[in-house]
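Notes for the one structure printed next.
The values are calculated or read from the model by the stated rules, or taken from the named source; none is laboratory data. Since we're looking at a predicted model, the values are computed, not measured. Positions of Cβ are backbone-derived with ideal geometry, glycine not excepted, and every protein chain shown enters the neighbour counts. Each accessible area value is taken on the protein alone, full model and side chains, heavy atoms only, with ligands, DNA and RNA left out. Shrake-Rupley method; radii C 1.70, N 1.55, O 1.52, S 1.80 Å.
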Amino acid sequence: TAEACAAAVAGGEWDEPSLIQVARSAGGKGFGSLKEKLSAAKDDEDPEAALVGVAEEFEAHPDYPGSVEVFGKVWVTASQGLSDSTRSQRVYWQLLDVDRNCEHGPFKGKGQGRGHRENLKSCSITIEEGNQCKGEPFKSSFDSASRREDPWPLVTYTSFQKDLPQAQLDKSLALAQTSSGYSPVFTKLTMRAETGLSAHEVEGHTVVVYDARGVAMACAPIARALSRPEPQSMLPALLQQAAPKPLRAANFVKHPNSVGDLDVWGEVLIWEILGETIPMMGHYVTWDLEGTDARCSKGRSATDPKSCSVRITKSTSCSDPNEEPLYKAEERRSNPWDYVSYTSVQGLHIVVARSPGVPVLTGHDSPDAMDQTVIVYDYEGKPAACAVVDMQ
């Protein structure tokens, strides 16, 4: 039964991908119920339901040129994921007086691979072990044994200068805005980094905010939170509330440029993000896929930005070999899809890839994504599967 299967997963007797495959092999009856039971079985023990901590005591980096007074909060949660490599931290931030030069996102790169920007940490918000603002030795918080590369340079912010309604802000940040006497430079968003680390392994680490050049501006230790953040701070920031049903890409077929034998299926859901500015408009993307590339089990390759990625393209047909990604180059300094990737989890009979949500700031709204194609790439950065975006 679904209840028995869920109990087996919760007790560690079976892995979830294998159980889902068994359910489908048996005829698919109760498959949807099984997935619901599996989710419910894990709710009580999922560390992402509890806050790891909050960073709010920001201090300027002593070597930073110019005056810095970053103010606000960065909340940190953690999730166990389906494997060691999918353990992750999600950061939710509301920050005041960040770098206004990040208004179009991080700078473009000069190299071929992901992360080869003019500076690796341009407009990034990272978690690090050790506090460099206090002169301590520091290193990025991720497990190099389970992840191929540092995920934190991909957690980036886009700034905007505008007074926000106080109802949208944490109380302390609303007070700071009121007392500032000018329109401050804000950033507000949520992003997730698959680090391979558990919740307790990042406790006491430091949140660092970088400017557009990739220079550390300010640091704050992650401290124990006395209470959960206000609800609007924990929700996917700027998500379109007026459109409860997302767009959907399913019915995947083999891409005409495919060179492998992957048989990808599942769905990609796309919500609209209403940005404060055009560069902050975009899509909140989730996926539940099967048959993805098993070589992506430690994340993507560092040599190709398309490796293990999921992208919306400007193509409107899966017979079209065009792979040009959907984003406004005049509004975004770098291709936002270069920072979106999946991690595969190998079960006994199936390979799966799931994401609870990735904000992709493209400068486009939902109508622009309608009838476009979603492409899933393999480890080598070759297109494997394609599906057309339509209404759910």
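In the set Ser366, Ser309, which member is among the hydroxyl-bearing types (Ser, Thr, Tyr), within 23 Å of Tyr157 (Cα to Cα) and crowded, with 21+ Cβ neighbours inside 10 Å?
Values: Ser366 fails: crowded, with 21+ Cβ neighbours inside 10 Å.
When all the criteria are applied, what remains is Ser309.
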Count of residues meeting criterion [open to solvent by 50 Å² or more (accessible area, probe 1.4 Å) and touching a His at 6+ places or on another chain (Cβ under 7 Å)] in region 328-340: 2
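Residue under question is Thr303, and the condition is that it be open to solvent by 10 Å² or more (accessible area, probe 1.4 Å) and closer than 23 Å to Leu82 by Cα; does it hold?
Values: open to solvent by 10 Å² or more (accessible area, probe 1.4 Å): yes; closer than 23 Å to Leu82 by Cα: no.
Against the criterion (open to solvent by 10 Å² or more (accessible area, probe 1.4 Å) and closer than 23 Å to Leu82 by Cα), Thr303 does not qualify.
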Filter pass, Arg228 being open to solvent by 50 Å² or more (accessible area, probe 1.4 Å), at pLDDT 90 or above and under 27 Å from Leu269 (Cβ atoms): no
Every residue from region 349-390 that is among the β-branched types (Val, Ile, Thr) and out of contact with any helix residue (DSSP H, G or I) (no Cβ under 6 Å at 6 or more places or on another chain): Val358, Thr373, Val374, Ile375, Val376, Val388
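Only residues that are touching a Leu at 6+ places or on another chain (Cβ under 9 Å), farther than 19 Å from Asp261 by Cβ and either buried (at least 23 other Cβ atoms within 10 Å of the Cβ) or of a type in the set (A, V, I, L, M) (or both): list them for region 374-392, please.
To start, the set of residues in region 374-392 that are touching a Leu at 6+ places or on another chain (Cβ under 9 Å) comprises 376, 378, 384-385, 389-392.
From the residues that got through so far, the ones that are farther than 19 Å from Asp261 by Cβ too are 389-392.
Of everything in region 374-392, those that are touching a Leu at 6+ places or on another chain (Cβ under 9 Å), farther than 19 Å from Asp261 by Cβ and either buried (at least 23 other Cβ atoms within 10 Å of the Cβ) or of a type in the set (A, V, I, L, M) (or both) turn out to be Val389, Met391.
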The lone exception for Thr343 - which of (1) at negative phi; (2) part of a loop (DSSP other than H, G, I, E, B); (3) open to solvent by 10 Å² or more (accessible area, probe 1.4 Å) it fails: (3)
